[in-house]
Amino acid sequence: MYFKKYTDHDYEAVCDFLIELNDRDTSHINWNWARFEWMYEHPEFNKDLLEAIGLWIDQEKVVGAAIYDMYFGEGFCGVMPEYKLLYPEILDYACANLKDDSGFALAVCDDNKDEMDMVLNKDFTRIDQTENIMELDLNREFNATLPEGYSFANPDPIEDLYELSWLFWQGFDHGEDKTEFEKEELSTPRKRKHFNRDLSMAARDSEGELVSLCGLWYSPKTDYVYVEPVCTIPSQRGKGVAKAVIHEALNRAKKLGAKRAFVISDMDFYAKLGFRNRYHYTFWRKI
């Protein structure tokens with residue numbers, strides 16, 4: 001076994017590690033291959049820091065990892081079950097190499113007693129931050145009916161960058177002033193390696209404007225989809241548009257083999273769609 005710093009050549013190995021880790025213990029599903037891929041090509045993700053990601057390798061396979069989340073100061077520490085004695089070492093590495101001025105923080109599933117004990121033994125302190133995972137069984141048909149005048153679309157994240165950016169600007173509550181939006185510099189479009197455009201469902205209104213979007217991430221190596229992102233512009237909320245978009249995406253994912261869906265949220269919106277709370281995570285920080 002040996003330690004190495006991450007390079008771009010390790011991308012697939014890290015994805016495979018996260019897939020297998022969650023296949024064996026879904027209490028780590030808050031950090032999965034799809035979240036890693038979504039983050040990896042996010043405009044705010046600082047790739048200049050990539051070499052700080054730590055990997056523990058046995059027989060050329062990743063068995064443990066310490067990964068920062070967007071920036072230093074928060075991240076993920078994980079290890080295959082049979083290597084759990086490595087977890088304290090991984091925590092030490094993260095605290096020394098992935099910290100910011102406030103230290104290093106990570107989320108631990110409240111059901112994972114072993115990791116909780118090891119975090120406490122390393123003098124982490126509980127902080128006022130939590131994370132919730134909701135799960136939906138896909139063993140049913142989903143009604144994907146849009147209101148009259150609306151239509152489904154599959155926007156391309158590169159070709160339709162302006163449209164998507166304007167949708168996200170409104171959908172994530174930055175306002176509806178296009179002049180203010182256009183003062184912001186558009187992010188450089190990035191192509192995500194496993195992105196499936198057919199699972200990135202959107203809706204257009206009667207004037208052809210994108211008004212809602214649901215992204216799903218699926219790998220044939222798994223039996224689940226990860227929901228990220230979901231947004232609807234304020235003026236279109238409450239009309240059933242987002243529900244139809246999500247249901248259409250889920251119906252498509254089912255045809256590919258997905259049996260369940262996970263989303264990081266505790267919103268009533270998802271509960272009304274049938275999602276149920278599955279895991280709760282507490283954040284811990286070491287200064």
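A short reminder: the numbers here are calculations on the coordinates, not readings from a lab. All of these numbers come straight from a predicted model, not from anything done at the bench. Positions of Cβ are backbone-derived with ideal geometry, glycine not excepted, and every protein chain shown enters the neighbour counts.
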Practice task
Considering Cα pairs under 8 angstrom that are at least six residues apart, work out the relative contact order of the chain and quote it in whole percent.
Solution key: 23
Fill in the blank from the handout: Rounded to the nearest Å, the spacing of the alpha-carbon centers of segment 1-42 and segment 75-120 is 15
Handout entry: Among E135, E207, E37: highest mean-square fluctuation, GNM of the chain, C-alpha pairs under 10 Å
Key = E207
Handout entry: J(HN,Hα) series, segment 69-85, from Karplus relation 6.51 cos²θ - 1.76 cosθ + 1.60, nearest Hz, glycine and proline x
Key = 10, 6, 10, 5, x, 8, x, 10, 10, x, 8, 4, x, 6, 10, 4, 5
Completion exercise
Measuring from its Cα centre, segment 134-173 shows a charge dipole (+1 at each Lys and Arg Cβ, -1 at each Asp and Glu Cβ) which, in debye to the nearest 20, is 80
Exercise for the section: Name the residue, out of T145, T179, T222, whose mean-square fluctuation peaks in a Gaussian network model built on the chain with Cα pairs under 10 Å. Expected result: T179
Exercise for the section: Classify segment 12-82 as rounded, prolate or oblate from the Cα gyration tensor: take a ≥ b ≥ c as the square roots of its eigenvalues, call it rounded if a/c is under 1.5, otherwise prolate when a/b beats b/c and oblate if not. Expected result: prolate
Practice task
With springs connecting C-alpha atoms under 10 Å apart, model the chain as a Gaussian network and identify which of P81, P220, P157 has the largest mean-square fluctuation.
Solution key: P220
Exercise for the section: Among K254, K61, K183, rank each residue by its count of other Cβ atoms within 10 Å, from fewest to most, as a rough exposure measure. Expected result: K183, K61, K254
Problem - Least to most buried among L50, L186, L21, L146 (fewest other Cβ within 10 Å first) - result: L186, L50, L146, L21
Handout entry: Gyration tensor (alpha-carbon) shape descriptor, segment 151-258, a/c threshold 1.5
Key = oblate
Fill in the blank from the handout: For segment 1-143, averaging the sequence separation of alpha carbon pairs under 8 Å that lie six or more residues apart and dividing by its residue count, the contact order in percent is 20
Problem - Loop chymotrypsin sites (Phe, Trp or Tyr not before Pro), segment 150-191, which have at most 14 other Cβ atoms in a 10 Å radius of their Cβ (DSSP) - result: F172
Exercise for the section: Would you work out the relative contact order for segment 151-258, in percent, from Cα pairs under 8 angstrom that are 6 or more residues apart? Expected result: 29
Exercise for the section: For K99, list the aspartates and glutamates whose Cα falls under 17 Å from its own Cα; do not include residues on the same chain fewer than 8 positions away. Expected result: D48, E51, D69, E74, E89, D123
